Amino acid sequence: MEIPSSLYAKCTFCNEESICRVIKSRMSGKYKIKAVLKCSKCEKGFDMEMEIPKLISIRTIISQLEESTRTRVELPTGHELRVGDEIMVGDTCIQVMSIEVGNKRLNKAIVDDIDTIWTRYFNEIVVKVSINLGRTTQAEAFMTDPDDEFRVYGDIEIGKYKLYIYRIKTTSHMLFRPGAMALARDVVRLYCKHGRPNKKDLEDASIPVVDQGHGGDAHHRKRR
């Protein structure tokens, strides 16, 4: 019996239920496996013994930039799939962006009811950038790892530009505070300027803003 590349399980560390990547596995009975799984939420590995679930094949659209690929993924029946979940397709990680049930796009649904899953490649993701050039703003974008970290006032190189990040827009809020950090997976857009932050930038950044950033040293990143 073939063991799936991902399984729906409850993480023993964060107690979140999600579709987890199978790191290694072996049969422990006719219908049971022992496996080491990697949680898609906290990304920690944990041991699990479980029965191999019944799987259902679902039409899946995988997007990257302007291109898309059609395939099918097998997921365990009876479980709930949510937008933001990560699924392994062979050695490739994809992230659920939308779930189609009938004529509706939903944020979550039971696997058995799903017609199409809309996803994006998640081994690398696109980060959008706005570069303040004074009177004009230039839009750029680059590919990076979903777990890359970006900090307010961190250095970054994009092509010929040597920049610093003065603001980060995430999926939930805007970061202004020096040292505030966001993972690439949560970034909507980086706002950058040339050179190094000046006194006025530091004064602007002192405006009270509610954020979840963490203090830390600015770090340098180079992008093509």
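Here are a few things to note about the model shown:
- Spacing of the two label points (7 Å from each Cα toward its C-beta) at Lys128 and Leu106, in nm: 2.8
- For the stretch 155-166, Karplus couplings with θ = phi - 60° (6.51, -1.76, 1.60), whole Hz, Gly/Pro x: 7, 7, 10, 10, x, 8, 8, 9, 10, 10, 8, 10
- Cα centroid separation - the stretch 1-43 against the stretch 94-173, whole Å: 27
- Of all DSSP beta bridges confined to the stretch 1-158, the antiparallel ones make up roughly 90%.
- Model label sites at Ile23 and Ser5, defined 7 Å from Cα along the beta-carbon direction, differ in position by 1.8 nm.
- Backbone amide hydrogens, once placed in the peptide plane, bring Val129 within less than 5 Å of Glu140, Ala141, Leu190, excluding anything fewer than 5 places away on its chain.
- Cβ screening of the chain for cysteine pairs under 4.7 Å finds these without a partner: Cys20, Cys93, Cys192.
- Positive minus negative residues near Lys24 (Lys, Arg vs Asp, Glu; Cβ under 12 Å): +3
- Table column - 3J(HN,Hα) (Hz), the stretch 14-24, Karplus curve with 6.51, -1.76, 1.60, x for Gly and Pro: 9, 6, 8, 8, 7, 7, 10, 6, 7, 7, 8
- Tally of Lys pairs whose C-alpha atoms are under 12 Å apart, taken over the stretch 1-53, 8 or more apart or cross-chain: 5
- The simple spin-label model puts a point 7 Å past each Cα toward its Cβ; for Arg135 and Thr12 those points are separated by 6.4 nm.
- Residues of the stretch 130-151 with amide N under 17 Å of a point placed 7 Å along Cα→Cβ from Glu66: 139-143
- In this structure the amide hydrogen of Ile3, modeled in the peptide plane, comes within under 5 Å of no amide hydrogen from residues 5 or more places off or on another chain.
- Helical content alone sets the calculated 222 nm signal of the chain at -1000 deg cm²/dmol, taking -39,500 (n - 2.57) per DSSP H segment of four or more residues and averaging over every residue.
- Couplings 3J(HN,Hα) for the stretch 132-141, derived from phi with the Karplus relation 6.51 cos²θ - 1.76 cosθ + 1.60 (θ = phi - 60°), are 7, 9, x, 7, 10, 10, 10, 8, 9, 7 Hz, where x marks Gly and Pro.
- Annotation: amide H-H contacts under 5 Å for Ile52 (H modelled 1.01 Å from N, sequence separation of 5 or more, or interchain): Lys32, Ile33.
Read the figures in this text as sums done on the coordinates, not as results from a lab. Worth saying up front: this structure is predicted, and the values here are computed from it rather than measured. Methodologically, a virtual Cβ is constructed for each residue, glycine included, from the backbone with ideal geometry; neighbour enumeration extends over all protein chains shown.
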